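> Take this structure, written in structure tokens, and hold onto it; I'll ask about it next.
Just so it is clear, none of the values below were taken in a lab; they were calculated from the coordinates. What you see is a predicted model, and the numbers here were worked out from it, not measured in a lab. Here Cβ is always computed from backbone atoms with ideal geometry, including for glycine, and neighbour counts include all displayed protein chains.
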Amino acid sequence: MAAPEPQRETEPPAEAKLPPGGLWTKLTESTTESPGHLAEQLLLSLRSRNGPQAPTLHDEFMLNQLLARLGLEIEQQVDVETNRFSRRFLHDLFHTYFAGPGTRESTIEGSTYLELGCGSMNPLSLLTVFVLLGAKRAIGVDLDPVHDVSIAARALARTASYLLTDPRLIVGDYPITREQVAHNVRSLDLLKLCQGDPSGLDESLLAFRNESVYELSLDDDSVDGVFSNSFLEHIEDLDRAIEEIARVTRKHGIGCHNIDGEDHGSHTDPDQHPLAFLTVEPERGLVRGCNRLRPLSYLPIFESHGFEILDTQIWGRQPVDDTLRAKFVEPFRSMPLDRLEVSGLIIRIRKL
Ligand SMILES: C[S@@+](CC[C@H](N)C(=O)[O-])C[C@H]1O[C@@H](n2cnc3c(N)ncnc32)[C@H](O)[C@@H]1O
């Protein structure tokens with residue numbers, strides 16, 4: 001008789017059945033060693049090291065084990081969406097870009113992708129996923145230069161290691177095997193990337209461009225998909241930016257843009273209302289870094305530049321009563337409630 005299956009404490013999401021060896025569980029379960037406990041031990045160890053007695057070899061050995069355990073523990077604890085280096089962030093962003101009608105059915109194999117405002121910390125990890133799924137070319141664009149090139153390179157090697165271990169850790173049920181990833185990974189020099197050397201990237205395949213969305217160094221009709229996350233709300237001249245997106249997108253090319261239409265001051269200050277910026281009379285275009293355009297108002301701009309709206313997904317809504325509305329400046333004060341209240345939106349589009 002077969003032995004009963006051991007009870008699992010953490011169920012894998014429906015899209016990801018357990019890979020051999022229970023890796024999913026290991027990557028998602030918390031362990032008994034909290035980082036706080038490990039940090040306490042580390043502090044004690046460091047104090048005794050700096051004490052009157054010279055540290056012994058054993059002290060050094062134990063210190064190194066503590067540092068290593070703490071590093072591994074921290075990596076697990078920060079596997080959260082807000083950490084731009086985490087597996088969770090890549091997993092969630094991939095599903096944002098590729099889970100909806102239009103994008104879900106598109107073929108990554110052989111396609112060219114552009115991520116706008118890809119960030120300066122870990123700018124190319126998501127695009128590395130596309131390349132390992134068979135994309136022909138992937139370009140990340142941001143106005144800020146890469147914050148730390150060596151760390152960004154190492155992050156790409158780690159992204160590759162997740163997909164090589166089991167693609168489901170990042171792409172869920174997207175149809176790709178480990179063997180296909182292993183084939184595609186030959187275009188990256190993982191050893192160099194692991195060592196923080198960006199020359200491990202073949203720039204004709206995967207590249208970062210430090211430039212503005214207003215003037216993309218890409219040919220007309222050269223891209224099959226354009227994506228952005230928390231980017232378009234920071235753009236002052238949206239009409240010009242979307243005109244440029246339309247210029248580089250091929251006929252029937254797709255796009256997915258996640259818009260955070262809340263006052264970004266409220267992300268760090270709990271006393272700031274998420275719509276507080278609508279009460280400010282702007283001196284210039286952006287208020288606290290944002291254009292304040294209500295997310296549903298992006299739709300006609302995309303349409304006016306030759307895109308059809310495939311799908312919208314509202315993820316944020318802020319109720320507005322008469323007292324709050326009275327504090328808003330125009331045009332927000334007289335805007336219809338159903339447009340005003342939507343504060344977070346994913347827009348999926350296709351070029352006609
Ligand atoms: C809120 S961050 C989002 C970064 C990243 N997408 C993420 O989810 O972490 C917005 C990014 O847009 C970039 N950005 C702002 N204006 C830009 C422009 N005109 N062209 C290209 N990038 C721009 C900023 O440098 C910043 O990295």
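> Between His95 and His183, what is the label-to-label distance in nm when each label sits 7 Å out along the Cα-to-Cβ direction?
Between His95 and His183, the simple spin-label model gives 2.8 nm.
> Which one of Ser199, Ser212, Ser120 has the biggest mean-square fluctuation once the chain is modelled by GNM with Cα springs under 10 Å?
Maximum among the listed residues: Ser199.
> Using the Karplus curve 6.51 cos²θ - 1.76 cosθ + 1.60 with θ = phi - 60°, what ³J(HN,Hα) values do you get for each residue of segment 35-48, in whole Hz, with x for Gly and Pro?
Going residue by residue, I get x, x, 5, 5, 5, 4, 4, 5, 4, 4, 5, 5, 4, 5 Hz, with x marking Gly and Pro.
> Another question, if that's okay. Using the basic label-point model (7 angstrom from Cα toward the beta carbon), what is the Glu75 to Ser161 distance in nanometres?
Placing both labels 7 Å along Cα→Cβ, they lie 0.4 nm apart.
> Taking a quarter of the surface of the Cα convex hull of segment 212-351, what do you get in nm²?
Approximately 8.5 nm², given one-decimal rounding.
> Build a GNM of the chain with springs between Cα atoms under 10 Å: which of Ala182, Ala39, Ala276 gets the top mean-square fluctuation?
It is Ala39.
> Further question on the same structure: For the chain, what does -39500 (n - 2.57) per DSSP helix run (n ≥ 4), summed and divided by total residues, give at 222 nm, in deg cm²/dmol to the nearest 500?
Using -39500 (n - 2.57) per qualifying helix, the result is -10000 deg cm²/dmol.
> Specify the inter-centroid distance of segment 192-244 and segment 65-104, based on alpha-carbon positions, in whole Å.
21 Å
> Here is a further query. Could you calculate the contour length gain from Gln53 to Val329, that is, 0.36 nm times the residue separation minus the distance between their Cα atoms, to one decimal place in nm?
92.6 nm
> Identify which of Ser230, Ser48, Ser217 has the largest mean-square fluctuation in a Gaussian network model of the chain, with springs joining Cα atoms closer than 10 Å.
Looking only at Ser230, Ser48, Ser217, the biggest GNM fluctuation is shown by Ser48.
> Across the chain, how many lysine pairs, 8 or more positions apart or on different chains, have C-alpha atoms separated by under 26 Å? Please give the number.
5
> How long is the gain from Arg209 to Glu105 if the chain were fully straight, where each residue apart is worth 0.36 nm and the alpha carbon distance is subtracted?
Gain on stretching Arg209 to Glu105: 34.6 nm.
> Now for a separate question. Mean projection of the alpha-carbon convex hull of segment 27-126 over all orientations, in nm²?
9.9 nm²
> Which three lengths, in whole Å and largest first, does segment 235-282 cover when its Cα atoms are put on their principal axes?
45, 21, 12
> Here is a further query. On alpha carbon coordinates alone, what is the Rg over Rh value for the chain, Rh being the Kirkwood radius?
1.03
> Using a Debye calculation, one point per C-alpha and no hydration shell, please list log10 I(q)/I(0) for segment 304-352 at q = 0.15 Å⁻¹ in order.
Summing over Cα pairs of segment 304-352 leads to -0.54.
> Cα convex hull of segment 139-211: how many Å³ per residue?
97 Å³
> Rounded to the nearest 0.05, what FRET efficiency is calculated for Asp322 and Val149 with R0 set to 45 Å and r the Cβ-Cβ distance?
0.30
> Let me ask something else about it. Once phi is turned into θ = phi - 60°, what whole-Hz ³J(HN,Hα) does the Karplus curve with 6.51, -1.76 and 1.60 give for every residue of segment 122-133, x standing for Gly and Pro?
Whole-Hz 3J(HN,Hα) from phi for segment 122-133: 9, x, 10, 5, 5, 5, 4, 4, 4, 5, 6, 8.
> Residue by residue through segment 257-271, which ³J(HN,Hα) values in whole Hz follow from phi under the Karplus form 6.51 cos²θ - 1.76 cosθ + 1.60 (θ = phi - 60°), with glycine and proline marked x?
Per-residue couplings from phi come out as 10, 9, 10, 9, x, 9, 4, 5, x, 6, 6, 10, 10, x, 7 Hz.
> Using a Förster distance of 45 Å, how high is the FRET efficiency between Lys136 and Leu67, based on the Cβ-Cβ distance and rounded to 0.05?
0.60
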